[in-house]
1. Anything in the stretch 278-308 that is in contact with a helix residue (DSSP H, G or I) (Cβ under 6 Å, 6 or more places away or on another chain) and open to solvent by 50 Å² or more (accessible area, probe 1.4 Å)? List them, or say none.
2. Which condition breaks for THR272 when tested against (1) under 19 Å from the mean Cα position of the chain (by Cα); (2) over 17 Å from ALA158 (Cα atoms); (3) assigned to a helix (DSSP H, G or I)?
3. Looking for something at pLDDT 95 or above, under 22 Å from MET174 (Cα atoms), touching a His at 6+ places or on another chain (Cβ under 9 Å) and hydrophobic (A, V, I, L, M, F, W, C) - is there at least one such residue anywhere in the stretch 284-297?
4. Among the numbered criteria (1) crowded, with 24+ Cβ neighbours inside 10 Å; (2) more than 25 Å from TYR85 (Cα to Cα), which one does PRO274 miss?
5. Considering only the stretch 68-117, how many residues are open to solvent by less than 40 Å² (accessible area, probe 1.4 Å), of a type in the set (A, V, I, L, M, F, W, C) and in a helix (DSSP H, G or I)?
6. Going through the stretch 250-269 one residue at a time, which ones are open to solvent by 20 Å² or more (accessible area, probe 1.4 Å), among the small types (Gly, Ala, Ser) and not in a strand (DSSP E or B)?
7. Return yes when GLN242 is open to solvent by 20 Å² or more (accessible area, probe 1.4 Å), out of contact with any helix residue (DSSP H, G or I) (no Cβ under 7 Å at 6 or more places or on another chain) and closer than 15 Å to ILE216 by Cβ and no when it is not.
8. Just checking: which of the strands (runs of 3 or more DSSP E) contained wholly in the stretch 158-237 hold 3 or more residues that are open to solvent by 10 Å² or more (accessible area, probe 1.4 Å), within 25 Å of TYR256 (Cα to Cα) and not hydrophobic (A, V, I, L, M, F, W, C)?
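The values are calculated or read from the model by the stated rules, or taken from the named source; none is laboratory data. Being a predicted model, the structure only gives us computed values, none of them experimental. Please note: Cβ atoms are built from the backbone with ideal geometry, for glycine as well, and neighbour counts cover all protein chains shown. Ligands, DNA and RNA are excluded from the accessible area calculation, which covers all protein heavy atoms including side chains. Shrake-Rupley method; radii C 1.70, N 1.55, O 1.52, S 1.80 Å.
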Amino acid sequence: MSHRTQYTEQQSDDEISRDVKGVSEEPAVSDNDISEEDTGAENSEHPVKDIVAEEAEDTETLIEWDEEWEYASFSVIHSDPVTYYRSGSSERKNFVVAVNAGHGTSGGSSVRTQCNPDGSPKVTGGSTAEGSTTATAVSGGTSFLDGTSEASITLKLAVTLKDLLLENGYDVLMIREGEDAQIDNVARTVYANNNADCHIALHYDSTETDKGFFYIGVPDIAEYKSMEPVASHWQEHDVLGQALVAGEEQAGVGIYGNGFMGVDLTQISYSTIPSVDVEVGDRASDYSQESLDKLAEGMLNGLNIYTEQQ
């Protein structure tokens, strides 16, 4: 890749506040055949990989924002870097997973970003209404029934997932590692596009039924599916999402409906790599460490399924 990423050794419609109660509570069923396109799991070349010595172990690398990245101009909050972690496993997979802990951007709800790169309006409801052309840059998220913030638990889950992935040979791009990451939804996606092989954003739904795990993918609406970069990548998103659902089933995690809901999220609208928002539960769900470990195990299972397909 020719991007001039800066390195220093060493975070809806938003993909962030997920009130999908504005969308049908029954997940949509896609009637399209999913083609499992090659995502370049073995041959992808991201600039961050090129600067880490092959013999290094669990190397951490800060990646700074690059204004020349595709779609970078659509972001309004991107002052913080993200961190790339290189697995020290003897069975390293040479596959980078962008782990995006939803929410956690102070001031993110006071500014807006463009929903779609072509300026077209949203075609579904959600935390941003159908017909809107701009969305909250990063919302504050929901809270659990006991008042605990969604943002704090998505971060805890992200760290749990990161550690498990590194142990099992996956490299990890951590989009958010603290309570306040000054990175909006567009920037999170652009960071992932340019430095990872897939992008998984972690969220809890705003409902109160302990509904289970599902992923948000591309709605089956022709005008949205024909918009780039969605047109070129929506099938890849579904392949990843379906693998993650299968992995969670293997881990014994409950699945909501058929595991899929179609919403035109900012994340999906700007993604050029396989990318999904996963709703791992809702406000009534258990978020104990035991539960987070189980969810992380399911996502590891799903990534193993996914990479074996490529």
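1. TYR287
2. (3)
3. Step one: list which residues in the stretch 284-297 are at pLDDT 95 or above, which gives 284-297.
The next check asks that each one be under 22 Å from MET174 (Cα atoms); those that pass are 287-297.
Next, from what is left, pick out any that are touching a His at 6+ places or on another chain (Cβ under 9 Å): none.
Checking the stretch 284-297: not a single residue is at pLDDT 95 or above, under 22 Å from MET174 (Cα atoms), touching a His at 6+ places or on another chain (Cβ under 9 Å) and hydrophobic (A, V, I, L, M, F, W, C).
4. All conditions are met except number (2).
5. 1
6. So the first thing to find is which residues in the stretch 250-269 are open to solvent by 20 Å² or more (accessible area, probe 1.4 Å), and the list is 250, 252-258.
Then keep just the ones that are among the small types (Gly, Ala, Ser); that gives 252, 254, 257.
Answer for the stretch 250-269, where residues must be open to solvent by 20 Å² or more (accessible area, probe 1.4 Å), among the small types (Gly, Ala, Ser) and not in a strand (DSSP E or B): GLY252, GLY254.
7. Numbers: open to solvent by 20 Å² or more (accessible area, probe 1.4 Å): yes; out of contact with any helix residue (DSSP H, G or I) (no Cβ under 7 Å at 6 or more places or on another chain): yes; closer than 15 Å to ILE216 by Cβ: yes.
So GLN242 fits the description; yes.
8. Working: elements: 171-174, 198-205, 213-217.
So the answer is none; nothing clears 3.
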